[in-house]
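The values are calculated or read from the model by the stated rules, or taken from the named source; none is laboratory data. Quantities reported herein were computed from a predicted structural model and do not represent experimental measurements. Here the Cβ positions follow ideal geometry from the backbone for every residue, glycine too, while neighbour counts run over all protein chains shown.
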Amino acid sequence: MSWRVNNDAEFAYGAGHLNLATTENPGLVYDTDKISCAISMPWRPHLVGTKSINRSSMLPRFGYDAPTDPSMQPQHEKRQTVNCRCFQAKSPQYRSSIYVQCCTIKALKELQITVESTNLLFTYPLQNRSFKASKFAFHIKEEFIAKLPLTMAATTANTPLHKPSPLGSSSKSSIPISKSVLHFRTIPRKLTPPRSLSVSSSLSQSNSTPGSTASAVTPTKAPTHDFISRYAPDEPRKGADILVEALEREGVKDVFAYPGGASVEIHQALTRSKLIRNILPRHEQGGVFAAEGYARSSRLAGVCIATSGPGATNLVSGLADAMIDSIPLVAITGQVPRRMIGTDAFQETPIVEVTRSITKHNYLVLDIDDIPRIVSEAFFLATSGRPGPVLIDIPKDIQQQLAVPNWNQPFRLSGYMSRLPKEPNESLLEQIVRLVFESKKPVLYVGGGCLNSNEELKRFVELTGIPVTTTLMGLGSFPSRDPLSLQMLGMHGTVYANYAVDKSDLLLAFGVRFDDRVTGKLEAFANRAKIVHIDIDSAEIGKNKQPHVSVCSDVKLALKGINKILESKGAKVKLNYSAWRNELNEQKVKYPLNYKTFGEAIPPQYAIQVLDELTDGNAIISTGVGQHQMWAAQFYKYKKPRQWLTSGGLGAMGFGLPAAIGAAVANPGSIVVDIDGDGSFMMNVQELATIRVENLPIKILLLNNQHLGMVVQWEDRFYKANRAHTYLGNPSDESEIFPNMLKFAEACGIPAARVTKKEDLRQAIQKMLETPGPYLLDVIVPHQEHVLPMIPGGGAFKDVITDGDGRTKY
């Protein structure tokens, strides 16, 4: 028997399987994840369908489009002499063949085909011949073929695994088809779907065996019955149009997309959509932060789109931020055509590899038919379990290719589905309730994982009377003005919140991850307390602090179960923590959040207090990162979830302004205020143009101290006030306010004003809020102010600092 090798047939890279169908043996498909091919040279190329393409370990790079044009031949690397491609034919007349595409083949000794996780190895000697042509035929032993990892047997011989591409090659080989027929018997197997085309390994793949069925492990996305496509059901359309329609079917109304060469097809398709609006950012980082603001304020997945290369890499900070803060995000990037991947083409970046560790999952789309499934999976992954960002990288030729989409493809997420949290164990909930009844000084420590369960949380507090402290990410999950609120804990949390945790005998940690900015010195954090940890992500439980009782569950479901048990036990009547609450109230009186006033200077804390009063705590607040962020967390009294938008875990400066854009788009009619510092504001100041063009009614309260305030505070406290590049003004004239922020606003047609005296502040903020459309208020504040209280990094509650500022000598 023989396998014909020919370079003229259309082939499919990355199919994830190998089709060796013949008339006698229809539809035989082999899993190429388990097959590798190598020529006896210093390198070992792999067959198609690998999970990742690593530049340093995978030589050569291969398999993108039919190489009928000499300009499309494989590119050489400096340290290799031969380039080889191994691929599967797509055209029906060739689908019983493996093709090996080589260029400048010299002195090849043998071709090896191996099967991973087995001891099988077939070696075909090439007799040290030189080949002038880039095609050759070779024979393979029947017993080896019979042992290859069969994963699917098609039901009919006339059903090709892949449809020929309408844009692909249609040339035929001169070798008779009969020469390529493989005669061997097959072992009957149950049907199993081919593996996902995902290039990421951040989620485990299907654990199904060849004998398992797809229905047993993979859910099918319910079709959107009320969606009306603008295309006829059997009408071919471009991959970019399939992508846009897939977004429409997911309910996407707004995207934040910046065009480029590799994504221009997507933007052209967006212009044909009547359901999706593009808000054009002025920088890709602005786009991804805006998508985050959209998601944080609406609970919907935010969508951003960028081109390849620098456009894609400009998304990195936003993806990392969304990953750490658990924000649902779908980022779509254009990529160079498949045939050019790995050739250092113009604006080529392996963004899947770059973002592997900062996304929940990512995809490199290598088959146009997979777009509907991948988009559906991306939104499911982004919003289910612990939310997070998902990236989809789409080569330009896939965007241009024509196909008829299948909208009812099953998910290929069996490994992920098996790890999603289940209903909480009732016996564990009973154990938690028992600990509550036994405790005398309990405290609730809640984080961002409680934002979707605020009603259940309030009911739990109503039943138990346990005081509540929140993390930076948890602000709004419990009303700040409630008498049982201890406000924020941690490095810049209130003294009474940190006191409560330090003295508690039961710490109920719901939807938190025991971050270092909360715990400080881990050994000293809540060292008197029994710890109950409920979180949706099992990886967080026990990661930093070992709990006495843990539940891996959605906090909402767990609280519902706990509340039901408490109600049945009459907890509201039986529980009494009045002595504990009185002790904490004494701490509130002794150590309130306060600040000092120096002459006519405006305390930044006062500016936020005035904003809180004038908006009655109802505004959506976004911030940058720094001192202003902490003051906004301390002095604005949040009433409900998703009012507070900030970069928590990553601490990305420049977040506030674009996040406000996303919030304003997602919440028309709401008051949206970006409380920003001059350092953070300057990092994405270009988004003022987006605000003006979209006429978004965003108010910018700029606390301008001409310095990187948080770093200055650390310099004052720990570095003898030695200034190390933290002054942002003009060193030649420190009396000047530089740069003039009003001019930035003026250049974009946005009304702006500056206020320098405390007595003028209230009126200035009132005017800002009453002015229709966007407005910038430049509030000049002293750089000597410090964010207090403060627990130094790695410190414990006993190390808390409650007084002093930059005017004090240390």
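Worth pointing out:
- For the condition under 23 Å from Glu770 (Cβ atoms), surrounded by 24 or more Cβ atoms within 10 Å (Cβ to Cβ) and of a type in the set (Gly, Ala, Ser), Ala633 does not qualify.
- Residue within segment 757-765 that is part of a loop (DSSP other than H, G, I, E, B) and charged (D, E, K, R) present: yes
- When residues in segment 785-810 are screened for being polar (S, T, N, Q) and more than 12 Å from Arg717 (Cβ to Cβ), 1 of them pass.
- Verdict on Arg517 being touching a Lys or Arg at 6+ places or on another chain (Cβ under 8 Å) and of a type in the set (Lys, Arg): no
- Matching entry among Glu734, Glu770, Glu759 (being over 21 Å from His628 (Cα atoms) and at pLDDT 95 or above): Glu770
- Restricting segment 524-544 to residues that are of a type in the set (A, V, I, L, M) and farther than 20 Å from Gln431 by Cα leaves a set whose member that is nearest to the chain's Cα centre (by Cα) is Ala539.
- Checking each residue in segment 422-441 for being among the small types (Gly, Ala, Ser) and part of a helix (DSSP H, G or I) picks out only Ser427.
- Every residue from segment 773-793 that is of a type in the set (Val, Ile, Thr), part of a loop (DSSP other than H, G, I, E, B) and more than 35 Å from the chain's Cα centre (by Cα): Val781
- Filter pass, Tyr591 being touching a strand residue (DSSP E or B) at 6+ places or on another chain (Cβ under 7 Å) and of a type in the set (Phe, Trp, Tyr): no
- Residue selected from segment 688-723 under the condition within 31 Å of the chain's Cα centre (by Cα) and of a type in the set (D, E, K, R), by the criterion surrounded by the fewest Cβ atoms within 10 Å (Cβ to Cβ): Glu694
- Count - residues of segment 309-325 that are among the hydroxyl-bearing types (Ser, Thr, Tyr) and either buried (at least 24 other Cβ atoms within 10 Å of the Cβ) or assigned to a strand (DSSP E or B) (or both): 0
- Total residues in segment 694-715, condition among the aliphatic types (A, V, I, L, M) and assigned to a loop (DSSP other than H, G, I, E, B): 2
- Qualifying residue in segment 637-659 (condition: hydrophobic (A, V, I, L, M, F, W, C), touching a His at 6+ places or on another chain (Cβ under 6 Å) and crowded, with 24+ Cβ neighbours inside 10 Å): no
- Residue count for segment 725-738, restricted to those that are in a loop (DSSP other than H, G, I, E, B), surrounded by fewer than 17 Cβ atoms within 10 Å (Cβ to Cβ) and under 34 Å from the mean Cα position of the chain (by Cα): 1
- Test: Gln546 is outside any helix (DSSP H, G or I) and either in contact (Cβ under 8 Å) with a residue 24 or more places away in the chain or in the same structural domain as Gly474 (by TED's automatic domain parsing) (or both): yes
- Residue within segment 230-253 that is in a loop (DSSP other than H, G, I, E, B), closer than 15 Å to Ala312 by Cβ, at pLDDT 95 or above and under 20 Å from the mean Cα position of the chain (by Cα) present: no
- Test: residue in segment 580-592 that is over 38 Å from the mean Cα position of the chain (by Cα), in contact (Cβ under 8 Å) with a residue 60 or more places away in the chain and not in a helix (DSSP H, G or I): yes
- Residue check for Lys639: charged (D, E, K, R) and touching a strand residue (DSSP E or B) at 6+ places or on another chain (Cβ under 6 Å): no
- Taking the criterion of being among the charged types (D, E, K, R) and over 20 Å from Ala579 (Cβ atoms), the residues of segment 486-526 that qualify are Arg513, Asp515, Asp516, Arg517, Lys521, Glu523.
- Any chance Ser480 is of a type in the set (Ser, Thr, Tyr) and in contact with a Phe, Trp or Tyr (Cβ under 6 Å, 6 or more places away or on another chain): yes
- Scanning segment 519-539 for residues being closer than 23 Å to Leu457 by Cβ and surrounded by 20 or more Cβ atoms within 10 Å (Cβ to Cβ) gives a total of 10.
- Scan of segment 281-300 for residues that are part of a helix (DSSP H, G or I), crowded, with 24+ Cβ neighbours inside 10 Å and either out of contact with any Cys (no Cβ under 8 Å at 6 or more places or on another chain) or not hydrophobic (A, V, I, L, M, F, W, C) (or both), ordered by number: Glu284, Gln285, Gly286, Gly287, Phe289, Glu292, Gly293, Tyr294, Ala295, Arg296, Ser297
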